[in-house]
Amino acid sequence: MICDCSEREGVEINSYQLFLDLKAFFEGQTAKGIFEDIPVETPSYVGYSELSGPMEWYAEKWYRCKSCGTLWEFQYPDFPAKGEVRKFSDGVYQPEC
Ligand SMILES: [Zn+2]
């Protein structure tokens with residue numbers, strides 16, 4: 001089983017076309033059995049709102065590469081808020097802060 005994780009990096013998603021391209025890529029890798037779609041377990045951001053108290057944001061998708069173990073976090077954009085793909089080569093998630 002061959003993946004190309006080592007050639008890909010995390011990326012900021014600043015256009016809708018890029019989002020569609022990435023979504024197709026991840027779904028394609030999953031369909032081929034290279035990536036698996038795994039439950040998002042850890043919030044990508046934990047904050048606090050004066051109005052509603054503690055808040056947590058979760059990425060839409062996590063994918064784990066069955067070939068090399070890399071964990072990919074896929075945060076869908078909600079324009080004008082940009083999305084992001086983050087790469088964790090050792091498979092261990094690190095929340096951003
Ligand atoms: Zn891989």
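Counting only residues that are among the small types (Gly, Ala, Ser) and modelled with pLDDT of 95 or more, which one in segment 58-78 is farthest from ILE13 (Cα to Cα)?
Among those residues, the one meeting the criterion is SER67.
In segment 1-24, how many are surrounded by 13 or more Cβ atoms within 10 Å (Cβ to Cβ), closer than 25 Å to GLY69 by Cβ and over 12 Å from the mean Cα position of the chain (by Cα)?
Number satisfying all stated conditions: 3.
Considering only segment 25-44, how many residues are within 28 Å of MET55 (Cα to Cα) and either surrounded by 13 or more Cβ atoms within 10 Å (Cβ to Cβ) or of a type in the set (Val, Ile, Thr) (or both)?
The number of residues fulfilling the criteria is 7.
Please go through segment 45-64 and pick out each residue that is more than 16 Å from the chain's Cα centre (by Cα) and surrounded by 12 or more Cβ atoms within 10 Å (Cβ to Cβ).
The answer is VAL46, MET55.
Being within 16 Å of the ligand (Cβ to nearest atom), in contact (Cβ under 8 Å) with a residue 24 or more places away in the chain and not in a loop (DSSP other than H, G, I, E, B) is the filter here, so list the residues in segment 72-97 that pass it.
TRP72, GLU73, PHE74, VAL85, ARG86, LYS87
Quick one: ASP90 ticks every box in (1) charged (D, E, K, R); (2) exposed (fewer than 12 other Cβ atoms within 10 Å of the Cβ); (3) over 15 Å from the mean Cα position of the chain (by Cα) bar one, so which box is it?
Answer for ASP90: the failing condition is (3).
Taking the condition of being in contact with a helix residue (DSSP H, G or I) (Cβ under 7 Å, 6 or more places away or on another chain) and away from the ligand (no atom under 16 Å from the Cβ), how many residues in segment 56-68 meet it?
The qualifying residues number 0.
The values are calculated or read from the model by the stated rules, or taken from the named source; none is laboratory data. On a predicted model such as this, the values are computed, not experimentally measured, just so you know. Counting neighbours? That spans all protein chains shown, and the Cβs are built from the backbone with ideal geometry, glycine included.
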